[in-house]
1. Per residue, how much accessible surface does the chain expose to a 1.4 Å probe? Answer in Å², no decimals.
2. What is the local net charge at Lys49, summed over the other residues whose Cβ is closer than 14 Å to its Cβ (Lys, Arg +1; Asp, Glu -1)?
3. Pairs to check: Lys5/Lys212; Lys58/Lys204; Lys99/Lys148. Give those whose C-alpha atoms are more than 25 Å from each other in this structure.
4. Which length gain, in nm to one decimal place, applies between Leu147 and Gln22 when the Cα-Cα distance is subtracted from 0.36 nm times their residue separation?
5. List the aspartates and glutamates whose Cα sits under 19 Å from the Cα of Lys154, skipping any in the same chain fewer than 8 residues away.
6. In percent, how large is the relative contact order of the chain, given Cα pairs closer than 8 Å and 6 or more residues apart?
7. Points 7 angstrom from Cα along the Cβ direction at Asp104 and Asp190: gap in nanometres?
8. Taking Cα extents along the principal axes in Å straight from the coordinates, which label in (i) 53, 38, 32; (ii) 67, 37, 37; (iii) 52, 48, 35 is the correct one?
Amino acid sequence: MKAIKMKIKQNMCNYREPTSFQQAESYPLPPYSTVIGMIHNACGYTEYKPMRVSVQGKYSSTTKNLQYIYSFAPSKIEKNRPYICQTESTGVYRTPQTKELLTDVELLVYIVPEEQSLIDDIYNSLLYPREYLSLGRREDLVVLEELKIVEIEKKEEIINIQSEYLHYIPLEYLNNCQVGTTFHLSKNYDLITINNKNYRKFNKIKSLLSSKIQVNKYYLDEDNVIFFSA
């Protein structure tokens, strides 16, 4: 089986937690859905292509940034405020919001499409993107340190792992109870209709964030690097 291996660097970025509002907190690593979204946008895919994704990495520190958020609401119309539409029903207002930013981010990402015939298309789309690659916010630019196609294999054995990188590890890989931080990470979504409106219902993967762990199975690439895909 083949996978696309990406080594990424980012200066400052935010992988926003969806439940944070007044202060936009960040995941310590990009969730699966953020990586999948970048891949689909780079390739120009308009429908979901099933794939497994692995994310590991590290960052130096966190900092804060103050930004204005523009919102739209009929109840917020004021005479001195700008209007998106010159009607009595649409108003614009802005509020300050604090963004948590990760600094000096290093990521190692593996992409394993279910259709292996897509490998070359994804590789070329990332190597020669139609526009700049970003991960997180649109302004969070990606610097590709390495991009290559690698052979991978699945191993089933109990081993102890200690890595310089933090890993997102789906619970299916874990051997008994382990120490770390558990996240319910979005991967892909289904469209559901409520009152004639379509909404996204994300499929969640329960994963442990850790750099020192005991697992009962894992993937190994041709460079002898261990990873865990979801």
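1. Details: 13140 Å² over 230 residues.
Per-residue accessible area for the chain comes out at 57 Å².
2. On the way: positive: Arg52, Lys187; negative: Glu47, Glu114, Glu115, Asp120, Asp121.
Once all neighbours under 14 Å are counted, the net charge is -3.
3. Details: Lys5/Lys212 22 Å; Lys58/Lys204 23 Å; Lys99/Lys148 33 Å.
Those over the limit are Lys99/Lys148.
4. On the way: separation 125, 0.36 × 125 = 45.00 nm, distance 3.67 nm.
Length gained, Leu147 through Gln22: 41.3 nm.
5. Output for Lys154: Glu114, Glu115, Glu172, Asp221, Glu222, Asp223.
6. Numbers: 519 pairs, mean separation 63.7, N = 230.
In percent, rounded to a whole number, it is 28.
7. A separation of 4.5 nm, rounded to one decimal place.
8. (ii)
The values are calculated or read from the model by the stated rules, or taken from the named source; none is laboratory data. This is a predicted model, so every value here is computed, not measured. Note that we place each Cβ from the backbone using ideal geometry, even for glycine, and neighbour counts take in every protein chain shown. Quick note on the areas: whole protein, heavy atoms, side chains included, nothing else; ligands and nucleic acids left out. Shrake-Rupley method; radii C 1.70, N 1.55, O 1.52, S 1.80 Å.
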